[in-house]
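Take a look at the structure below.
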């Protein structure tokens, strides 16, 4: 690979948290930035409150397979998703977890960077409880520096249906706040 970029991310939580939207946004932003991308959502029988996850792979080279057994990064929005996926993260990887809902993260390999981000609390402070997914994506962007918060905010209009375009300023701010939060910790 030209500069070695081959990042796999699993975003997981429960239905209603905007997991698939967060993955689509990340994939769209990477694609607009000229990266090779795969986006693999798990729709299944997910409903509000059920489990939900998606996998995004971002690379500088063509991606052979969208299925990822051991991701580089995990964004866990619920305790069940953290319990399910934390042990699959590669050595030297990254876990961001929603500390608004997860009080005691499981013990994992010491080589993995673990960031506790109270995404639900931060979204409530922002006045937009539904934007916790955007805060989580912002936190990921702030740590990984593969894409910027600005690039990602600029892709919101590509992934949100027209009727939700009025939420773009608030979601853009949520992405920015997530990125700023992790830079402080």
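The values are calculated or read from the model by the stated rules, or taken from the named source; none is laboratory data. Being a predicted model, the structure only gives us computed values, none of them experimental. Note that we place each Cβ from the backbone using ideal geometry, even for glycine, and neighbour counts take in every protein chain shown.
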Subset of the stretch 31-59 [at pLDDT below 95, assigned to a loop (DSSP other than H, G, I, E, B) and touching a strand residue (DSSP E or B) at 6+ places or on another chain (Cβ under 7 Å)]: 46, 47, 49, 50
Of 102, 79, which residue is over 24 Å from residue 29 (Cα atoms) and in contact (Cβ under 8 Å) with a residue 24 or more places away in the chain? 102
Would you call residue 155 crowded, with 20+ Cβ neighbours inside 10 Å, closer than 26 Å to residue 36 by Cβ, touching a strand residue (DSSP E or B) at 6+ places or on another chain (Cβ under 9 Å) and in contact (Cβ under 8 Å) with a residue 60 or more places away in the chain? no
Scan of the stretch 125-138 for residues that are part of a helix (DSSP H, G or I) and surrounded by fewer than 23 Cβ atoms within 10 Å (Cβ to Cβ), ordered by number: 125, 126, 129, 130
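Given the criterion surrounded by 18 or more Cβ atoms within 10 Å (Cβ to Cβ), in a loop (DSSP other than H, G, I, E, B), in contact (Cβ under 8 Å) with a residue 40 or more places away in the chain and out of contact with any strand residue (DSSP E or B) (no Cβ under 6 Å at 6 or more places or on another chain), identify the matching residue among 147, 122. So that I can check it myself, show each step before the final result.
Values: 122 fails: in a loop (DSSP other than H, G, I, E, B).
After applying the criteria, what remains is 147.
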When you scan the stretch 103-119, how many residues do you find that are surrounded by 15 or more Cβ atoms within 10 Å (Cβ to Cβ), within 21 Å of residue 184 (Cα to Cα) and over 16 Å from the mean Cα position of the chain (by Cα)? 2
Report the residue count in the stretch 90-119 for those that are within 28 Å of residue 168 (Cα to Cα) and in a strand (DSSP E or B). 8
Among the numbered criteria (1) part of a helix (DSSP H, G or I); (2) crowded, with 18+ Cβ neighbours inside 10 Å, which one does residue 87 miss? (2)
Members of the stretch 125-134 that are free of Cβ contacts under 8 Å to residues at least 24 places away in the same chain and under 18 Å from residue 12 (Cα atoms): 129
